[in-house]
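If you scroll down you'll find the structure; I have some questions about it.
The values are calculated or read from the model by the stated rules, or taken from the named source; none is laboratory data. Every value quoted in this text rests on a predicted model; they were computed, and no experiment measured them. Heads up, the Cβs are rebuilt from the backbone with ideal geometry, glycines too, and the neighbour counts pull from every protein chain shown. Surface areas here come from the heavy atoms of the whole protein model, side chains and all, with no ligands, DNA or RNA. Shrake-Rupley method; radii C 1.70, N 1.55, O 1.52, S 1.80 Å.
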Amino acid sequence: MADSLDIAAVTRLTGLTARALRFYEARGLVEPLRTASGRRHYDAAALERLNLILSLKKAGLTLAQIQRLTAHRRIDLHGLITAQLDHLEAQARRISEAQALLVSVKSRIDRGEPIDAETFCSLIRNEQQDSTAMSQDQWKAVTDRYFSPEEQAEWADRMGALGADFDQQAYSAQWKALGDEIKAALPMDPGSEEAAGFVQRWFALLKPFTDVATPAMWTGTMKMYDDMPNWPAQADPGFDAEVWAFMKQATAARMLAGEAIAVPKAE
């Protein structure tokens with residue numbers, strides 16, 4: 001293995017940690033050589049692979065996307081890049097908004113205004129309220145496409161049954177956390193035990209909706225999410241189209257295995 005590097009040398013060369021290298025190996029992204037004693041060594045092909053992974057990560061791709069690309073599976077590269085550009089644009093917008101807030105506050109401090117911590121937090125809350133209003137506008141654009149005014153009125157009536165104590169912001173954060181965790185675990189066998197665990201958690205989080213929804217609401221919502229790539233606005237449910245498609249497959253696998261899935265029944 002004279003033409004290869006050990007893991008310590010690779011960490012110095014790439015800036016990756018040993019833990020990251022072992023994780024990439026576990027995900028099948030890179031395959032180092034092994035010495036007789038079991039130590040990892042990386043030849044020219046493995047180093048080229050690592051450089052490719054780093055380049056794709058700099059472009060903003062997730063490990064799941066990189067895995068599909070480097071495994072030479074059929075993939076809609078145009079769609080992937082378009083989705084990634086949309087994601088980066090949304091990130092850039094959030095960063096720009098945060099920068100604008102900080103510049104505004106700094107300029108007020110420079111002018112001698114007494115901006116204390118409480119005032120600063122108040123300005124941040126106002127910014128968050130503006131962001132929430134924008135999110136609501138985005139969701140309205142989506143729901144207007146898929147639900148009639150009468151159906152939306154029924155939605156509002158049914159969801160009102162959740163009560164005033166229902167914290168929509170905290171609920172959305174739970175979806176975001178679960179969606180990110182599933183995304184990071186992909187690709188995954190829909191019939192695996194890991195996928196089954198995600199299905200269980202997904203439907204547990206869905207329970208407030210399934211408790212009040214009608215079968216028609218359930219069907220309409222499924223159709224809406226099936227059409228996520230064509231949504232007229234960048235509304236964020238906490239997961240993307242890839243996660244949605246995977247969860248449909250994983251749910252179908254659990255149902256084939258005889259597991260009962262809680263969905264709204266006809267009244």
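Any idea which of Leu56, Leu21 is at pLDDT 85 or above and touching a helix residue (DSSP H, G or I) at 6+ places or on another chain (Cβ under 8 Å)?
Working: Leu56 fails: at pLDDT 85 or above.
Residue meeting the stated conditions: Leu21.
Go through (1) under 24 Å from Trp155 (Cα atoms); (2) surrounded by fewer than 16 Cβ atoms within 10 Å (Cβ to Cβ) and name the single condition Ala184 misses.
(1)
If you don't mind, there's one more thing I want to ask. Hey, does the range 240-259 have a residue that's open to solvent by less than 70 Å² (accessible area, probe 1.4 Å), at pLDDT 85 or above and under 19 Å from Leu162 (Cα atoms)?
Scanning the range 240-259 turns up no residue that is open to solvent by less than 70 Å² (accessible area, probe 1.4 Å), at pLDDT 85 or above and under 19 Å from Leu162 (Cα atoms).
So the check is Cβ under 9 Å with 6+ separation or different chains; which pairs have a first residue in the range 129-144 that's at pLDDT below 65 and a second one that's open to solvent by 40 Å² or more (accessible area, probe 1.4 Å) and outside any helix (DSSP H, G or I)?
Ser135/Asp236
Restricting to the range 192-208, name every residue that is touching a Ser or Thr at 6+ places or on another chain (Cβ under 7 Å) and open to solvent by 80 Å² or more (accessible area, probe 1.4 Å).
Within the range 192-208, none qualify.
Say we look at the range 150-180 and pick out the residues that are under 30 Å from Ala253 (Cβ atoms) and open to solvent by 80 Å² or more (accessible area, probe 1.4 Å); which of these is nearest to the chain's Cα centre (by Cα)?
Filtering the range 150-180 for residues that are under 30 Å from Ala253 (Cβ atoms) and open to solvent by 80 Å² or more (accessible area, probe 1.4 Å), the one nearest to the chain's Cα centre (by Cα) comes out as Lys176.
Oh, and also: Here are some residues: Asp211, Asp189. Which one is loosely packed, with under 14 Cβ neighbours inside 10 Å, more than 22 Å from Ala64 (Cβ to Cβ) and not β-branched (Val, Ile, Thr)? Show your work before the answer.
On the way: Asp189 fails: more than 22 Å from Ala64 (Cβ to Cβ).
Only one candidate qualifies: Asp211.
Right, another one. For a quick check of your reading of the model, give me the residue pairs whose first member lies in the range 186-197 and is without any contact (Cβ under 8 Å) to a residue 40 or more places away in the chain, whose second is open to solvent by less than 40 Å² (accessible area, probe 1.4 Å), with beta-carbon atoms closer than 7 Å and at least 6 apart or on different chains.
Listed by first residue and then by second, the contacts come to Asp189/Ala195; Glu194/Ala185; Glu194/Met188.
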